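Enquirer: Quick one: structure below, then a few questions.
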Amino acid sequence: MTRPLPRAARLCSRVGCRHLATQTLTYIYADSTAVLGPLATFSEPHAYDLCDQHSLRMSAPVGWTVIKHEPEAAAAGPSDDDLMAIADAIREAGSRESASTQDLTGIEIPPLELGRRGHLRAIPN
């Protein structure tokens with residue numbers, strides 16, 4: 001059974017291909033260059049959206065230069081050190097006692113330990 005595709009998803013431009021596009025192919029005719037890079041934000045009329053399979057088998061006319069832009073793995077997301085720093089900051093913030101919290105005027109604010117129902121919380125006046 002085929003699952004319905006999300007509205008934002010674009011299909012491969014190759015005739016008969018029903019796979020999701022992952023890369024965009026554009027041609028620069030003045031420089032005889034074909035550029036294959038990450039999927040463009042918007043569908044352009046003179047660009048071709050290709051799936052993984054067709055982007056691997058992509059070829060350009062004889063004598064043309066092919067530029068394949070592959071994003072670095074480090075740019076894909078935060079590093080392990082970044083994730084550990086975030087986790088440590090969250091643990092530290094959660095372990096602090098906020099019993100005597102004060103606002104900017106110096107007035108002590110009692111902790112919000114009122115009753116809770118589902119997703120609603122009672123807030124004092």
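The values are calculated or read from the model by the stated rules, or taken from the named source; none is laboratory data. None of these values were measured; they are calculated from a predicted model. Here the Cβ positions follow ideal geometry from the backbone for every residue, glycine too, while neighbour counts run over all protein chains shown.
Enquirer: Just need a number here: residues in the stretch 54-68 that are surrounded by 10 or more Cβ atoms within 10 Å (Cβ to Cβ) and either in contact (Cβ under 8 Å) with a residue 40 or more places away in the chain or of a type in the set (A, V, I, L, M) (or both).
Expert: Summing the residues that are surrounded by 10 or more Cβ atoms within 10 Å (Cβ to Cβ) and either in contact (Cβ under 8 Å) with a residue 40 or more places away in the chain or of a type in the set (A, V, I, L, M) (or both) in the stretch 54-68 gives 6.
Enquirer: Which one is modelled with the highest pLDDT among residues in the stretch 75-86 that are under 14 Å from the mean Cα position of the chain (by Cα) and not in a loop (DSSP other than H, G, I, E, B)?
Expert: Ala76
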